[in-house]
Amino acid sequence: MNVLLHTCCGPCASHCIRALREAGHDVTLFYSNSNIWPPDEFRLRQEHVEKLGAITGTPVIVDPPDHEEWEERVAKGYEQEPENGERCSRCFRYNLTKTYAAMEEHGFEAFTTSLTVSPHKPSPTILAIGKEVGGDRFLPENFKKKDGYLDSLRLSRGYGLYRQNYCGCPYSQRPAPLRT
Ligand code: SF4
């Protein structure tokens, strides 16, 4: 299938590209992350998503960020939530809803997300939200499986990709607990 991959960052997407291609899919990266703050950090991660695209021959679509809207629609009233609490579920839904719209707009057959690679992110929550947003058009890929995170570490080191040390929003700049 022709799949649009919501791409949180280059390191996570490195494994997803490999896994999706091995499953027979064509992949396009969709860098849509209005959650990321400050703007320099958004641009740095974008630069390395584009680097990954160039190295692997994968097209990249960049969704211009609107952090103000993200604050209003996602974080307002949930600023004090712990990481992987309600603010994060709202954030996953926001980014996956934008990816679903982009899939429709650009004529892709299906979509999924690189968010499930990270050991800091709860795959069951992300997959349930993806299904609610996209129904059968959402590929429920848990990229943690088959040592996906280790593969992303190895690939992204080899490609020389920048790896951030916080999730992205202004409320996440501290370590989060590990998840399955
Ligand atoms: S911690 Fe990460 S997933 Fe949670 S709201 Fe912030 S950017 Fe989104």
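Values in this text are rule-based calculations from the coordinates and carry no lab data. As the structure is a prediction and not an experimental result, all values here were calculated from the model. All Cβ positions, glycine included, derive from the backbone under ideal geometry; neighbour counts span all protein chains shown.
Of the DSSP H helices in the chain, not one has a Cα length along its own long axis of 27 Å or more together with a mean Kyte-Doolittle hydropathy reaching 0.0. Count Lys and Arg as plus one, Asp and Glu as minus one, and take only other residues whose Cβ is under 13 Å from that of residue 43; the net charge is then -2. For a straight C-alpha distance cut-off of 21 angstrom, the lysines reachable from residue 144 (same-chain residues fewer than eight places away being disregarded) are 121, 131. Per-residue extension of 0.36 nm, minus the Cα-Cα distance of residue 41 and residue 125, leaves a gain of 27.7 nm for this segment.
Amide H contacts for residue 144 (H built 1.01 Å from N in the peptide plane; partners 5 or more residues away or on another chain; cut-off under 5 Å): none found. Site pair residue 51 and residue 1 shows an inter-label distance of 3.2 nm when each label is modelled 7 Å from Cα along Cα→Cβ.
Full extension of the chain between residue 71 and residue 86 gives 4.0 nm of extra length, using 0.36 nm per residue less the Cα-Cα distance. Each Lys or Arg adds one and each Asp or Glu takes one away; over the other residues whose Cβ falls under 14 Å from the Cβ of residue 111, this sums to -4. A Förster distance of 25 Å, applied to the separation of the beta-carbon atoms of residue 78 and residue 105, puts the FRET efficiency at 0.30. The Rg/Rh ratio for the chain, using Cα coordinates for both the radius of gyration and the Kirkwood hydrodynamic radius, is 0.92.
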